[in-house]
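Chemist: Structure incoming, see below.
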């Protein structure tokens, strides 16, 4: 706001009065014409200063308005001629613009009429080309699909006519050649899903035919066996006759003196005539039985890759009782053939191969037995409450200890429950292995050798593997490892009783030159060494866990005057652990103690020489020294 707006002071002289009023009202009009200033204060100053000031203000305002009107009129007069000329020019151009607009509209109409037909023809051409491209694509795809449909139709015809072998070949071509080319179509996906079902149906049908054949062959089994035996006997008779004839031909000529007439003595010609008569009378097995279902099933299963699976798999038979039953059937069949005078060496060679498979199934079965025994064992000494329980244990396991026998009941035997169970299971394995050796017409020495070899496999491979896996299990602690060492020691001592057990069965003296020794000693020694190594490892791991609890204040002013809490806990743990080690051999316990002390000393030294440790106070050194002194006392 200007200062004049707050108070209007009019000069006294006429000239000064006009000049002053003009200046004052000029400022007022300037304020009023300003759009960004409020008008209330300015107008109030005009009306409040003097009684007649508003009349003079209105006069000045009218004069100013007239002045502005003259300026506006002057400006309009100056630009009026140009405005009139512009309007005149626009009026002249309007006619030309209307004419040009008409021409443009006419041209646009004619262009639209001409382009409408072209557009229709273009759309027709585009539609035709799209149809042509679709037809070409359809023909191309149909050319790919037609062979698939033809092959599938051929497959259906082969299945209806029961030509299963040809159907399987067609199925292979469909699956490997034709369907992959058009696999993106739905019908091909359905077809591909159908093929395995058809293959399974063919497999079931062929197996059903084979079973029907086996059912029907029972009716002719007696006749077939009789025919087979007779033909084999005739073959042997014929071979004997040929051999006789060869012997006679070496001593006597077959032709007369003229060199033309053959000599027909009781020789080859007569035998041949007899054989021809017999052959005419006796029907062959092929004449009696139609083997086409067997051949058909063989061909079908060959295409289904069943034989390759059988040959590349060790055995689908995991039941030793089933293998033993198979062996008994082969032995009965071999004895029957041998009774007729036929050689059966090949059958017994087959039995030796079956024996190896039988031993493998036994080893697998006993591996599960040993694993269950180890899992159920509590790894604590066997408690016996009275004489009956003690005799029950020693009846299953050869244990003799004079000091324990002198103790009063109740008492504890050093080994755990798994030891007599394992010993009994090894004897059961020997009995099971002996069952297969029966009726094989083998000498006692050979049977003894087979039993010892199979027992060695059980000890060195199966039982050793189970022990090694048991020792490596994470839940096996130090107490369990100590008990395992004690168990293996007693099992090692029992090996000589197993040898005596085999000797009593076979009646073969162990002093025989070729007698195989049991390798149980080395097996249990290896397991014991592994358990000892695991004890050292777990003991060091436990020490590391206690060391991690150490929380030294390396800047402490003075020591606590006693050993650290973590170290006292560690010493108590080691004391209780070494009490358990009293049942171990002295060398093992001593080695474990030395290993633990050495590992503890190394860990303390590494803690003191840690590179991240920048400063140590005298109080911290004194506290560390107290811990070391406590270790030395213990």
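Chemist: What residue, of 353, 375, 325, 360, is assigned to a helix (DSSP H, G or I), in the same structural domain as residue 500 (by TED's automatic domain parsing) and farther than 30 Å from residue 487 by Cβ? Quick ask: steps written out before the conclusion?
Modeler: Details: 375 fails: farther than 30 Å from residue 487 by Cβ; 325 fails: in the same structural domain as residue 500 (by TED's automatic domain parsing); 360 fails: farther than 30 Å from residue 487 by Cβ.
The conditions single out 353.
Table: residues versus (1) under 21 Å from residue 302 (Cα atoms); (2) modelled with pLDDT of 85 or more; (3) in a helix (DSSP H, G or I).
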residue	(1), (2), (3)
143	no, yes, yes
146	no, yes, yes
149	no, yes, yes
154	no, yes, yes
159	yes, yes, yes
165	yes, no, yes
168	yes, yes, yes
173	yes, yes, yes
176	yes, yes, yes
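Chemist: Continuing with this model, one more query. Of the numbered conditions (1) buried (at least 16 other Cβ atoms within 10 Å of the Cβ); (2) at pLDDT 80 or above; (3) not in a helix (DSSP H, G or I), residue 534 fails exactly one; give the number of that condition.
Modeler: Against the list (1) buried (at least 16 other Cβ atoms within 10 Å of the Cβ); (2) at pLDDT 80 or above; (3) not in a helix (DSSP H, G or I), residue 534 comes up short only on (3).
Chemist: Can you list the helices (runs of 4 or more DSSP H) found entirely within the range 542-634 that contain at least 2 residues being under 44 Å from the mean Cα position of the chain (by Cα)?
Modeler: On the way: elements: 565-580, 586-608, 618-633.
It comes to 565-580, 586-608.
Chemist: For the list (1) without any contact (Cβ under 8 Å) to a residue 60 or more places away in the chain; (2) farther than 30 Å from residue 404 by Cβ, I need the number of the one condition that residue 619 fails.
Modeler: All conditions pass for residue 619, except number (1).
Chemist: Of the conditions (1) at pLDDT below 75; (2) exposed (fewer than 14 other Cβ atoms within 10 Å of the Cβ); (3) assigned to a helix (DSSP H, G or I), residue 333 clears all except one; give me its number.
Modeler: All conditions are met except number (1).
Chemist: Which one of 395, 444 is touching a residue at least 60 places away in the same chain (Cβ under 8 Å), over 43 Å from the mean Cα position of the chain (by Cα), surrounded by fewer than 14 Cβ atoms within 10 Å (Cβ to Cβ) and at negative phi? Even if it seems obvious, please write down each step before you answer.
Modeler: Working: 395 fails: touching a residue at least 60 places away in the same chain (Cβ under 8 Å).
Of 395, 444, the one residue that is touching a residue at least 60 places away in the same chain (Cβ under 8 Å), over 43 Å from the mean Cα position of the chain (by Cα), surrounded by fewer than 14 Cβ atoms within 10 Å (Cβ to Cβ) and at negative phi is 444.
Chemist: Looking at the range 391-497, what helices (runs of 4 or more DSSP H) fall wholly within it and have at least 2 residues that are touching a helix residue (DSSP H, G or I) at 6+ places or on another chain (Cβ under 7 Å)? So that I can check it myself, show each step before the final result.
Modeler: On the way: elements: 402-406, 418-437, 444-457, 464-472, 478-493.
The helices (runs of 4 or more DSSP H) meeting that bar are 418-437, 444-457, 464-472, 478-493.
The values are calculated or read from the model by the stated rules, or taken from the named source; none is laboratory data. Fair warning: this is a prediction, and the values are worked out from it, not measured in the lab. Cβ coordinates were reconstructed from backbone atoms using ideal geometry, including for glycine residues, and neighbour counts include every protein chain displayed.
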